[in-house]
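Step one of this worksheet: look at the structure below.
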């Protein structure tokens with residue numbers, strides 16, 4: 001755990017794939033997770049898209065990235081790229 005994370009407390013981390021570049025310093029990241037269907041019990045894969053801040057602006061479509069929850073940076077951005 002980095003000192004940055006310790007100082008600010010535990011923040012949510014997710015791993016996902018960059019699916020599009022939305023503009024300057026912004027990318028859209030798809031995070032997939034598996035859960036049990038509430039009625040049928042089958043394991044299904046769900047995907048959620050996040051607008052993520054990319055300060056260095058070097059993430060490309062198809063890259064696997066780790067994102068961390070952060071303060072609101074715009075109307076839709078609440079996450080930033082860590083690695």
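The values are calculated or read from the model by the stated rules, or taken from the named source; none is laboratory data. Keep in mind the model is a prediction, meaning the values are calculated, not measured. Quick reminder, even Gly has a Cβ in these numbers, built from the backbone with ideal geometry, and neighbours come from all protein chains shown.
Some observations on this one:
Yes/no per residue for (1) at pLDDT 95 or above; (2) within 14 Å of the chain's Cα centre (by Cα); (3) surrounded by fewer than 16 Cβ atoms within 10 Å (Cβ to Cβ):
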{"residue": "15", "(1), (2), (3)": "yes, yes, yes"}
{"residue": "18", "(1), (2), (3)": "yes, yes, no"}
{"residue": "44", "(1), (2), (3)": "yes, no, yes"}
{"residue": "50", "(1), (2), (3)": "yes, yes, no"}
{"residue": "57", "(1), (2), (3)": "no, no, yes"}
{"residue": "74", "(1), (2), (3)": "no, no, yes"}
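- Segments classed as strands (runs of 3 or more DSSP E), wholly inside the chain, with at least 2 members that are without any contact (Cβ under 8 Å) to a residue 40 or more places away in the chain: 13-23, 26-36, 43-53
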